[in-house]
Amino acid sequence: MDLEYSISYRKKDGNYQAIISYKDNNEKWKQKSKQGFKAQKDAKPFIKQALNEIELQLKNEANAINKEYNSITFRDVANAFVEHSRLYLEHNTIKGYKNSIVKFKQLEDKAVMDLKKADIVKCVDEMIRSNLKTVTIKTYLIKLKQIFLYYKENYNPNFQIDLNIKLSKDKNIKEKKALTKIELNSLLNNLKLKKSKFYIVAYIAGKCGLRCGEILGLTWDNIDEKNMTLEVNKQWKVLKNSKSNFGDLKSKNSNRKIPITPNILKTLKQYKKDNCISIDNRIAPFNKASIEKYLNPLLRELAGISIHELRHTYATLLISNGIDFKTAAKILGHTVEMTLKIYSHVTDDMMKNASDKISRIF
């Protein structure tokens, strides 16, 4: 090993003191010294012997550390990664990592440094046999890559493993469903007739295009009657302490103001009149678990859709009725690129309509 050090001398009580400054395995400077030399040249034997002792000591320490790191298991690294990530990642992101780790259970007791691509392939094969979608498996592999990167940065800088595993494309990928305007209004009327307490959640999703967490995070002061807008500036979600409360939005683009119509304002005001105001002033004082358990099954029963597909319906209606992609992206809280990618099917329909119109014109 290359020892980083420097030699200095200091005169004291008529004699010389030799001082060796060196870096240890943790990149911290330490010193070793001896005094009582009549001249600087008399310290050379001491310096030579001391440097040999320091090098041997650091080498033994490094070997001990490497031995400990070499035996660390995938379970140990995964647990350390999760605990570290709790400091800066959101609750749902951590949950996603934990779900991914479970899929690589076969690796738990193996030393990470001994893992081979074949070990990962075995786990992937098991996922395929359990009929997991390719896109889901790819997501798990991406998360696994982050865990290995954590191991490399904190335990073994020389670690390498090939995670490029060939996967077949998913068959019969289900596309998001979008309702027509008539179908949307029919669905909302049915929810109203059923007196579902989650009606307002479906209404805001379909008529304003908000994400579920954004709807649950709306408070009555987010309604601007003067400018006829609905301000989205927070969401209701599970925080790092595992408790539900107001939290930041998905991205900086998510902070936005959405135009609302007099009919939407009228519906919201009537709902406020008919319902008790929650302690935290929320319009829809529910949590995502209740939406998944009660509203989504009802939406599937009535229209074969989910709450998120009501947002998809809203976006599709915007674009298919001539709202440009830049404006639609701003209203949805997306980037323009993301909006173009997600709603490319609408673009195709618009292109077909344009072709039909051009045929009639010329």
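Please treat every number below as a calculation from the coordinates, not as lab data. In this text, all values refer to a predicted model and were calculated from it rather than measured experimentally. Using ideal geometry, Cβ is built from the backbone for each residue, glycine included, and neighbour counts are taken over all protein chains shown.
Key figures
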item: Shape call, segment 175-285: gyration tensor on alpha carbons, a/c limit 1.5; result: rounded
item: Long-range amide H partners of T219 with built H, under 5 Å; result: I283
item: Approximate spin-label separation Q160-W220, in nm, with each point projected 7 Å along Cα-to-Cβ; result: 6.4 nm
item: Distance between segment 294-327 and segment 22-37 - C-alpha centres, whole angstrom; result: 68 Å
item: S71 versus K177: modelled label distance in nm, points set 7 Å from Cα along the beta carbon direction; result: 5.7 nm
item: Within a Gaussian network of the chain (alpha carbon springs, distance under 10 Å), most fluctuating of L51, L318, L179; result: L51
item: Centroid-to-centroid separation of segment 155-231 and segment 260-275 [C-alpha atoms, Å]; result: 21 Å
item: The chain - convex hull of alpha carbons, volume per residue in Å³; result: 258 Å³
item: For segment 74-154: rounded, prolate or oblate by the Cα gyration tensor [a/c cutoff 1.5]; result: oblate
item: Residue among S71, N26, N222 farthest towards the positive dipole end of the chain, charges placed on Cβ; result: N222
item: Student exercise, segment 234-320 dipole from Lys, Arg, Asp, Glu Cβ charges, in Debye to nearest 20; result: 380 debye
item: Efficiency of FRET from Cβ geometry, K293 and K145, R₀ 45 Å, rounded to 0.05; result: 0.85
item: Of A39, A78, A111, the one that fluctuates the most in a GNM where the chain has Cα springs shorter than 10 Å; result: A39
item: Under 20 Å from the K266 label point (7 Å along Cα→beta-carbon), backbone N, segment 222-259; result: 223-230, 259
item: The chain, dipole about Cα centre (Lys/Arg Cβ +1, Asp/Glu Cβ -1), debye to the nearest 20; result: 540 debye
item: Point-charge dipole on Cβ atoms (K/R +1, D/E -1) for segment 181-361, about Cα centre, debye to 20; result: 360 debye
item: Acute angle (nearest 10 degrees) that the helix 91-102 long axis makes with the longest principal axis of the chain, alpha-carbon atoms; result: 70 degrees
item: Leading residue at positive end of dipole, segment 22-169 (Cβ point charges), from V102, F46, L167; result: L167
item: Dipole of the chain [Lys/Arg +1, Asp/Glu -1 at C-beta], most positive-end residue of I200, I305, N253; result: I200
item: Set of aspartates and glutamates with alpha-carbon distance to K169 below 15 Å, sequence-local pairs under 8 removed; result: D125
item: Three-way shape label, segment 1-94, alpha-carbon gyration tensor, a/c 1.5; result: prolate
item: Proximal aspartates and glutamates to K152, defined as alpha-carbon separation beneath 19 angstrom and excluding residues fewer than eight positions away on the same chain; result: E27, E68, D76, E83, E108, D109, D114, D119, D162
item: Of N245, N15, N233, the one that fluctuates the most in a GNM where the chain has Cα springs shorter than 10 Å; result: N15
item: Spatially proximal lysines relative to K257 (Cα-Cα < 23 Å; intrachain offsets below 8 disregarded); result: K181, K207, K226, K234, K237, K266, K269, K272, K288, K326, K330, K341
